[in-house]
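Here, each number is a calculation from the coordinates, and none is a lab measurement. For clarity, every value in this text was computed on a predicted model and none was experimentally measured. Heads up, the Cβs are rebuilt from the backbone with ideal geometry, glycines too, and the neighbour counts pull from every protein chain shown.
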Amino acid sequence: MKYPFANDLESIEKLTQGAAIFGKLREEDIQVGVTPKEVIYQEDKVTLYRFTPSVEHSLSIPILIVYALVNRPYIVDLQPDRSLVADLLKLGLDVYLIDWGYVSRADRWLTLDDYINGYLNRCIDVVCDRLSIEQINLLGICQGGVFSLCYSALFPKKVKTLITMVTPVDFHVQEGLLNLWSGCTLATKAFDVDLMVDTLGNIPGEFLNLEFLMLKPFQLGIEKYVGLAEIADREDKLLNFLRMEKWIFDSPDQAGEAYRQFIKDFYQDNKLIRGSLDIGGQRVNLQNIQIPVLNIYAEHDHLVPPQSSIALEQYIGSEDYTVRSFLTGHIGMYVSSKVKQDLPPTIANWLKARIR
């Protein structure tokens, strides 16, 4: 990267032009979540969307995208030329998505049972009833992948195929700082999640966002803004940058009890792979997952270490297991132009080989 300095006339000129462009931009110019969609179902803060098809469907069973509670799901539909959703639609998939919304103080006591056995299960029932089908394809992303694993283990007859993307499975691998901060012995003693939830109630989105930024403080806090000088004179590049900034800092608060359970049961006690995880009084047994599984991970993921995702094969009961890696980072899975060429057809072709 070329770093601008005060005596760099080219950079100064770009910054001057960028200031003029930035000055005329309005908030409505920074559009995200651009693919047309309709609301299918709403409950509390949760909304289930169906995206408007762009071609004739090539599969009889739709795919439901389950994103994480952290950040907003429009990262999979950021802009027209960076939209996993739009690309899947073009390949003939019928795409639905769950938007968890923004929790309020009234949601303080929501648990993982409420999210998985409650909202997720009812959204799937809505889709199945709407189309008179008994099963659905799940695409779980990051924490949404963990939810999808739990759901598929608890309701194996309601899921036709499962795709997990940048999804943590073994939370005690040593490669990731997030795992070490939240799960290892020293971090567990330092990070008193009970005290935090009991004091704050809901966990502020700003705290979680700061935690993620501190995983790469120089790159995410300094370097990218220094590099902004290189693209400041290009309105299209500047808008791309601002859309990503909007998503990064659009961090919903987390329901206190669900956050407490996720940190303790997954990061600290690693119950998912130990076979000791209970959701709503039901034991989550990954061996119950005997459907086709596609596991996608990023080779340079600083949030979900590759080894954490790769571990999935050891614990599920499926004999139809496919793993695919991409040479990118966690966020690159959504916005990398190189990944964009291969990821959507990887998903679509894998599904078409298993569904008539």
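Which pairs break 27 Å Cα to Cα here: Lys216/Lys264; Lys37/Lys340; Lys90/Lys237; Lys160/Lys264? Can you show the working numbers first?
Values: Lys216/Lys264 24 Å; Lys37/Lys340 21 Å; Lys90/Lys237 25 Å; Lys160/Lys264 30 Å.
As for pairs spanning more than 27 Å Cα to Cα, those are Lys160/Lys264.
Could you state the number of Å between the C-alpha centres of segment 72-117 and segment 251-272?
19
Between Val39 and Lys216, how many nm apart are label points set 7 Å from Cα along the C-beta direction?
So the label points at Val39 and Lys216 sit 3.6 nm apart.
Could you check the spin-label model distance between Asp320 and Trp109? Points 7 Å from the Cα along Cα→Cβ, value in nm.
With each label point 7 Å from Cα toward Cβ, the separation is 4.3 nm.
Please compute P(r) over all alpha-carbon pairs of segment 237-323, binned at 5 Å starting from zero, and give each bin as a whole-number percent.
Calculated P(r), rounded to whole percents: 3, 11, 14, 17, 19, 16, 10, 7, 4, 1.
Which whole-angstrom value gives the distance between the alpha carbon centres of segment 305-340 and segment 127-176?
So the two Cα centres are separated by 14 Å.
How far, in nm, would the chain grow between Ser276 and Tyr102 when pulled straight, counting 0.36 nm per residue and subtracting the alpha carbon separation? Working shown, then result.
On the way: separation 174, 0.36 × 174 = 62.64 nm, distance 3.00 nm.
The Ser276-Tyr102 span can extend by a further 59.6 nm.
Can you work out ³J(HN,Hα) from phi for every residue in segment 256-273, in order, using Karplus 6.51 cos²θ - 1.76 cosθ + 1.60 and θ = phi - 60°, giving whole Hz and x for Gly and Pro?
Whole-Hz 3J(HN,Hα) from phi for segment 256-273: x, 5, 5, 5, 4, 5, 5, 5, 6, 6, 9, 5, 8, 9, 6, 5, 4, 8.
Could you check the simple spin-label distance between Gln341 and Asp81, using points 7 Å along Cα→Cβ, in nm with one decimal?
About 1.5 nm separates the two model spin labels.
Full-extension gain between Asn121 and Ile310, please, as 0.36 nm times their residue separation minus the C-alpha to C-alpha distance.
Numbers: separation 189, 0.36 × 189 = 68.04 nm, distance 2.63 nm.
Result: 65.4 nm gained on full extension.
Given 0.36 nm per residue, what is the gain on full extension from Lys352 to Phe191 after removing their alpha carbon distance, in nm? Please report the intermediate quantities before stating the final value.
Working: separation 161, 0.36 × 161 = 57.96 nm, distance 4.48 nm.
Contour length minus the Cα-Cα distance gives 53.5 nm.
Ratio of alpha-carbon Rg to the 2.2 N^0.38 Å globular estimate for segment 63-177, to two decimals, please.
Here the answer is 1.10, to two decimals.
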